[in-house]
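Here the structure comes first, spelled out in structure tokens, and everything after it is commentary.
The values are calculated or read from the model by the stated rules, or taken from the named source; none is laboratory data. In this text the structure is predicted, and so the values were computed from the model without any measurement. FYI the Cβ positions are ideal-geometry reconstructions off the backbone, even for glycines, and counts take in every protein chain you see.
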Amino acid sequence: MGIQSLPDALDAALELGLDLVEVADKADPPVCRIMDYGKFKYEQSQRAKESRKKATHVLVKEMKYRPKIGPGDFTTKTRKVEAFLGEGSKVKVTIMFRGREMQHPELGRRILDNVAEAVSHVGRVEVYPKQDGRNMIMVLVPGQATRKQREAAADRREADQASTVEEPAAEAEMAQEPTTDAEMAEEPTTEELATEKQAPEDVAPEESPTEPTSA
């Protein structure tokens, strides 16, 4: 319509049964549009609602392992990690160290690598293993592992195989927990056990005094 005066623009909007809406007040002259403002607001709210529906809300789940975890527990926990990734959630995998286990972080790193390899068909590593205080963490996200990640995992497996000679000694050292004074006090000594097993000696009954008989 070109440049119109405000009264002429209002008259044109009224003739069409629509509204005159200012859309660019900073322009010179200001830009207005003739539209059904109620319909415009409704369509705008519908578009916002659809965008909220399409937005993905990613949940972060956590699974904790121990450096001395057994094969059965490892399989069970790793299946849960796989299920979480299949549902579209991120998974934070945590290795919890205690005592002397802190001296052997390579054992925790091996577990994290095994988890990443086991779920590589449904998840990939987003945050690589790193030490966080007494824990070691790794973050997995849904999606297949990349070729670079698979090659890096293969290199780490070769390095682990080269250090398998040292690992049994490390695991044996962790298995030796120090005995506290309280535990030593509770354990009976050899002499105490011998005393408990020894049968009590027979004690002859004391003879009661005989009453004197009268002559």
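Brief remarks on what is shown
- The one condition in (1) modelled with pLDDT under 90; (2) within 26 Å of VAL122 (Cα to Cα) that VAL23 fails to fulfil: (2)
- When LYS64, LYS80 are checked against the criterion of being outside any loop (DSSP other than H, G, I, E, B), farther than 18 Å from GLN131 by Cβ and of a type in the set (Lys, Arg), LYS80 stands alone in meeting it.
- Selected residue [closer than 30 Å to GLU126 by Cα and in a helix (DSSP H, G or I)] from GLY38, GLY72: GLY72
- Which listed residue, of ASP25, ASP19, ASP36, is farther than 30 Å from MET96 by Cβ, of a type in the set (D, E, K, R) and in contact with a helix residue (DSSP H, G or I) (Cβ under 8 Å, 6 or more places away or on another chain): ASP19
- Of LYS68, LYS26, LYS80, LYS61, all but one fail to be at negative phi, touching a Ser or Thr at 6+ places or on another chain (Cβ under 6 Å) and basic (Lys, Arg); the exception is LYS61.
- Residue ID - farthest from TYR65 (Cα to Cα), chosen from residues in region 88-126 that are in contact with a strand residue (DSSP E or B) (Cβ under 8 Å, 6 or more places away or on another chain) and of a type in the set (Asp, Glu): GLU126
- Residues satisfying the stated conditions in region 86-98, i.e. surrounded by 21 or more Cβ atoms within 10 Å (Cβ to Cβ) and either touching a Gly at 6+ places or on another chain (Cβ under 6 Å) or of a type outside the set (A, V, I, L, M) (or both): ILE95
- When each of GLU101, GLU15 is tested for being at pLDDT below 90, surrounded by 17 or more Cβ atoms within 10 Å (Cβ to Cβ), charged (D, E, K, R) and not in a loop (DSSP other than H, G, I, E, B), the lone residue that passes is GLU101.
- Residues of region 20-69 that turn out to be touching a Cys at 6+ places or on another chain (Cβ under 7 Å) and within 20 Å of GLY88 (Cα to Cα), as a count: 0
- Pairing each residue of region 65-88 that is assigned by TED's automatic domain parsing to the domain that holds GLY143 and farther than 22 Å from HIS104 by Cβ with any residue that is assigned to a helix (DSSP H, G or I) and at pLDDT 95 or above, provided the two are 6+ apart or on different chains, yields no C-beta distance under 6 Å.
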